[in-house]
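Remarks on the structure that follows.
The values are calculated or read from the model by the stated rules, or taken from the named source; none is laboratory data. Just so it is clear, the structure is predicted and the values come from calculations on it, not from any experiment. Cβ: placed from backbone, ideal geometry, glycine included. Neighbour counts: every protein chain shown. With ligands, DNA and RNA removed, areas are computed over all heavy atoms of the protein, side chains included. Shrake-Rupley method; radii C 1.70, N 1.55, O 1.52, S 1.80 Å.
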Amino acid sequence: MREARERAITLHGVDGEVLAAFIRFLYTCHCSIAPDKLVGLAAMADQYDVTLLQQLCMDAIRMHATNHR
């Protein structure tokens, strides 16, 4: 595997802030991110089957949408 030799993994199409928040959540179960990045974080949580993070993102998206009507 190339990743084993290079000691790096390339994730295409992933925003750096979203990736940082995702990794932070995996280690701490906490993260904060700008509202405009929530959809990307929810999608990443869905892709990697991190159900709790996905649900938290969806709740935050709903709350943000409700507050901005």
Given Cα positions, please report Rg to Rh for the chain, the hydrodynamic radius being the Kirkwood one. 1.06
Between the alpha-carbon centers of the range 46-69 and the range 11-41, tell me the distance in whole angstrom. 12 Å
With every protein chain kept in place and ligands, DNA and RNA left out, what is the accessible area per residue of the chain? Probe 1.4 Å, answer in Å². 78 Å²
In the chain, what percent of the accessible surface is made up of carbon and sulfur (1.4 Å probe, ligands and nucleic acids excluded)? 56 percent
Sites Leu52 and Arg5 - FRET efficiency at Förster radius 30 Å, r taken between beta-carbons, to 0.05: 0.35
Return the calculated 222 nm mean residue ellipticity for the chain, to the nearest 500 deg cm²/dmol, obtained by summing -39500 (n - 2.57) across DSSP H runs with n ≥ 4 and dividing by the residue count. -20000 deg cm²/dmol
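Size of the dipole of the chain about the Cα centre, Lys and Arg at +1 and Asp and Glu at -1 on the beta carbon, nothing else charged, in debye to 20?
Values: 7 positive and 8 negative charges, 15 e Å.
It works out to roughly 80 debye.
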